Each structure stands twice: as structure tokens, then as C-alpha cells.
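Take a look at the structure set out below.
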Amino acid sequence: MTPRRAPVLACSVVGAAVVALDGTVLTVAQPALQHDLHAAVGKVQWTSTGYLIAVASLLVFAGRLGDRYGHRRVFAVGALGFAAASTGIALAPGIGAVIALRVLQGVCGALLQPATLGMLRTAYPPERLGTPIAVRTAAIGLAAAAGPLVGGALVSAYGWRAVFLLGVPPALAIGLLALTTREPNHPGGAAHPRDASHPRDASHPRDASYPRGAARPRDGSHPRGAARPRDGSHPRGAAHPRDASYPRDAARPRSTPPAPSAARAALDPGGALLLAVTLGLLVHGLVEAARPGRTEAGLLACAAAVGAGLLLARHERRTAHPLLPAELLRSRPVVAGLAVLLAASAALFGTLFVATYFLQDVQGLDPLGCALRVLPLAALMVLGAPFCPPLQRRFGPRRTATAGAALLTGGVLLLSRLDAAAGALAVGVSAALLGAGFVTLMVTATSVVVHRAPEAHAGVAGGLQQTAMNIGPALGVATATLLVALVPGGGFVPAHGAALPALTVIAALALPAALALPGAAQRQGTRPGPPPPRPARRICVRS
């Protein structure tokens, strides 16, 4: 690892872990928060719902901001804003201030999360992305596992406000580190689209016809687009002199960086607004559908989300610079990877929702005993992540993800057969299968999405990945809640209910999506997207 990549990896890993830790410790702190602020249950739920809506609705646009202005800058703003909002929540006088600051914290989290992947995409060659993504995934698993334990200890000793101060020092540290870290590969923080002919890690010149290291003339005497040798005497169109910056038989670069006006237009504020409305309504509808007595309101919000989504699709087809690039959405590996993440996260979090109530309400375990029963899940996520990149290199993303989908589906299926007298061994084996399957799918699918996305759209790809990871849990929990309510006699006993069998089907949907991922022979292929147009000029060839 080069010295310039180490800060990027540190920012990405710590940033993702801080967000994961914040989400898990809040669940433990909510009862104490409600009692201390004398708030109604509905308002306390909005401390989670408001944050989730803000994050889900802004992730893709935040990724586009990273593509436009540099992922490092956007990450720094998000991390510092996250730290400031967390401090404000710890000092908030009432529940209204907590909700407003949680929404602000969600906005900052939306800026932070896609940049954790966008920075990795610009710092590491695509074939080496597996290892940093695996480290990032292991950190998320460790933070999610430690959150309830650390949060419970803090709430017991210092109160709920201490929970929000927990993430302030690391968020502040990585925000300042990002401000002092130079953007890898591309000066100024702007990512440029590479084609397959551009040498990796080469500095991108202002004109595609200039080789690496060649001085660009400061006067207007040299014709634009002509190959300029180091001695200035080489005529235009003649054979290109041998230069160490170009590998033998390498084709000359054909593309030029986008004009500043085009890059600014690519922000697509209209598309960003429609996407935010669509995702916000969808998340709100799923959350409301999971609440008792709010099913109709939730379904109405989901229907409104479908309508907003249709308007978004119409807008994106007509605009010159869409927020969701066509070459990204037409990439089969990217779409398949997002489908894998959506199905896997929905199945896992819906299953954990049912299992938590089963262990606590049916079997009578306390929160600590419940956490110990499912500890193999967190352990397999942390310990299994480093093994995923070697498996991908050996067997390819398709086989690796297919094996992960089979493990995840088997874990949900085994858990769905448990009755009220199920022992710790059966629950532990199910949790181990869930953890091994989910970490395999998460690392593999995320690697494919980030790898196969053009570097110019790395932020949008990261935003879509994070969106799938936010929509999936809401979908899984809403499905589980609705199905548990439909079978009142079964309650939360898996073998007598309909929730876990349905979640088994959702987990199984990851199998066909995994089969659409690249195989072993394709993993070193070029990135998606049509080749850049050949300019109307002679191509310099090696003499």
C-alpha cells in the first residue's frame, strides 16, 4: 500500500464504521431518550425514520457531487458535519431538536457514505479493490456487533447523550485527515473517465494527444491536438517517438476530459429532486407499513413513490446529462450486483427482526443473551471478509456470490424451522450461515459494482450501492412485520409463522442475480460503456 492510499483506506473504513455504529447504538438508547425527554413513541421513532429518509433520498446525488467536486472534499464535509450534528444531538434540549438534528445528520451521512467507496475507486486499480472493500466490510460488521454492547454500557453509565458523543472523535479525525489528504491520481479532486487504452496511474493531461511527461506549450504557436515531442521539432502526424510513459503497442488515448460546463450540467438538479422524492416516499412507506395501524398510509406512500419513479424515468430519458448515467444502468454486472445487495440485505435484516423477538419474547432471553445467541453472525462477518477477495480471484464473482447466496438462503431456511424449544446450537448454526453468506455477497457484489462502474461515475455507483443497502433492510422489516401480523397464532415462533418462509424466498432471489455477475474469465475485462469516438485526426504510431 502506497503512503497516499493509506489515508484513503483509513477514511473509508473509519467513516463506514462510524455510520454503522451510530445506527446500532441508537436502538439501545431510544428508551432512555424517550423517558428523559418525555416524548411520545411516535416522535422517538422519527429519530430513526427522519435519518433514514434523509440518507436514502440523497445518496445518489451525493455520489454525483463527489464525481463533480472530488470524493475527498465531499467526504470531509460529510464527516465534519456528522460530528457537528452528533454533538448537537448530545446537547439537544427537546425531542424536536433531536429529530431536526438527526435529519441533518442523515444529510451528512449521505455525503459521507458514497464517498467511502468513491475514494477507494479512484485510489486503487480495479483488480485490487477487493481487499480494501473487504476491510471496509469487516469494519462495518465489527461496528454493528459492538454497537449494542458499547451503547448499552454507555447508556447505563452516562445516559443516552453519551451515545451520540461516541462517534464525534473518529468522525472529526477522519474529516480533518481527508482535508489534508491529496486526491490520488487526479489533481484537483476531479475524477476523469478512463478508457482501456490509458495507462493506469498515469497523470491525465489536459489534451489526450500529449504523452505523459510532455510539456504543454504556453504560447499559442503549437497547433492543438498535435503530438509534441520533447525537443519541439517533431512534425504533426509523423511517427510518434518512443517514450517511456507509453507501453509497447499501447493505443493512444482517444478521449478528452469533459468540459467544465458539461460536468456542471451533469449534476441534474431536477433528476436529483425527483429521485429524492421517490426514495423518500418509498422508505417512509415501508417504515409506516411496518407500524401497527399504519399499513394503509404506508401502502399509499409506496404508490406515490411509484408515480414519482415514473416521472423520474421520463425525465432521465429526456435530459442531456442524466443523474443516473445510461451506461451505468445498462451494465449487467452493476445491475446484478445491486439486485444481490437489495435481496441479501432485505432477507438478513428481516430475519434478524423476527429472530430478536423470537429469542426475547418467546424464549425469554435478555438482550445480552439474545446477542450472544447470534454472535456467530457478527463473528463470521468480521472473520470471513478477508477470505472473499482470494475466493473472487480464484473462482470469479459469479461462483463466489452464488455460494454466498446459497449460504444465506440456507441460514434463513434453517431458522424458519425452529420451534419454541430450539436450543442455542440450532440458533448459532443459523446465525453462522447468515453471517458467512451475507459477508460473501456484500464484499463480492460491492466489488463488482464499484469495479465495473466507469471511474467518472464512481460516486453514483457508490450512492446506488448504499441506496440498496438502505432500502433492503426497510423492505425486509416491513415484509416481516406485515406477515407476522397476518398469523397471530404463530406470532414470532418461526416454525408457525409465515415471515421467515417469505424471507427465505427473498434470500433465494439473490441466486439468479448472482448468476448474472461476471464469471472467472471475465473478472479482468474492461469496464462497461461504449468506446469513445475516434477523433478525426491521424493517430500517432510508434516508429
- Message: Which numbered condition in (1) open to solvent by 20 Å² or more (accessible area, probe 1.4 Å); (2) under 15 Å from the mean Cα position of the chain (by Cα) is the only one that Thr444 fails?
- Response: (1)
- Query: Which of (1) outside any helix (DSSP H, G or I); (2) open to solvent by 20 Å² or more (accessible area, probe 1.4 Å); (3) among the hydrophobic types (A, V, I, L, M, F, W, C) does Val335 not meet, given it meets every other one?
  - Reply: (1)
- Only one of Gly96, Gly81, Gly88, Gly118 is part of a helix (DSSP H, G or I) and open to solvent by less than 10 Å² (accessible area, probe 1.4 Å), namely Gly118
- Query: Within the stretch 82-90, is even one residue under 22 Å from Ala272 (Cα atoms) and either touching a residue at least 40 places away in the same chain (Cβ under 8 Å) or of a type in the set (A, V, I, L, M, F, W, C) (or both)?
  - Reply: yes
- Message: I'm trying to understand the selection: among the residues of the stretch 413-429, which are open to solvent by 70 Å² or more (accessible area, probe 1.4 Å), more than 21 Å from Leu483 (Cα to Cα) and assigned to a loop (DSSP other than H, G, I, E, B)?
- Response: Ala421
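Out of Leu177, Leu142, Leu129, Leu165, which single residue is surrounded by fewer than 18 Cβ atoms within 10 Å (Cβ to Cβ), touching a residue at least 24 places away in the same chain (Cβ under 8 Å), more than 28 Å from Ala276 (Cα to Cα) and not charged (D, E, K, R)?
Unique residue meeting the criteria: Leu165.
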- Message: Condition first: assigned to a helix (DSSP H, G or I), modelled with pLDDT of 80 or more and not hydrophobic (A, V, I, L, M, F, W, C). Can you find one or more residues in the stretch 182-194 that meet it?
- Response: no
- Query: When the residues of the stretch 318-331 are filtered to those that are in contact with a helix residue (DSSP H, G or I) (Cβ under 9 Å, 6 or more places away or on another chain) and in a helix (DSSP H, G or I), which remaining residue is least open to solvent (accessible area, probe 1.4 Å)?
  - Reply: Leu328
- Message: Can you go through Ala76, Ala39 and tell me which one is touching a residue at least 24 places away in the same chain (Cβ under 8 Å) and assigned to a helix (DSSP H, G or I)?
- Response: Ala76
- Message: Restricting to the stretch 379-407, count the residues that are surrounded by fewer than 24 Cβ atoms within 10 Å (Cβ to Cβ) and either at pLDDT 95 or above or over 18 Å from Val135 (Cβ atoms) (or both).
- Response: 9
- Task: Could you grab me the full set of residues in the stretch 6-22 that are surrounded by fewer than 18 Cβ atoms within 10 Å (Cβ to Cβ) and not aliphatic (A, V, I, L, M)?
- Result: none
- Task: Could you tell me which residue of the stretch 30-60 is modelled with the lowest pLDDT, considering only residues that are open to solvent by 30 Å² or more (accessible area, probe 1.4 Å) and closer than 25 Å to Pro170 by Cα?
- Result: Gln30
- Task: Pick out the one residue from Gly285, Gly309, Gly298 that is of a type outside the set (Lys, Arg) and surrounded by fewer than 18 Cβ atoms within 10 Å (Cβ to Cβ).
- Result: Gly309
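The values are calculated or read from the model by the stated rules, or taken from the named source; none is laboratory data. Bear in mind that the values here come from a model prediction, so they are computed numbers and not experimental data. No Cβ is skipped: glycine too gets one built from the backbone with ideal geometry, and neighbour counts run over all protein chains shown. Ligands, DNA and RNA are excluded from the accessible area calculation, which covers all protein heavy atoms including side chains. Shrake-Rupley method; radii C 1.70, N 1.55, O 1.52, S 1.80 Å.
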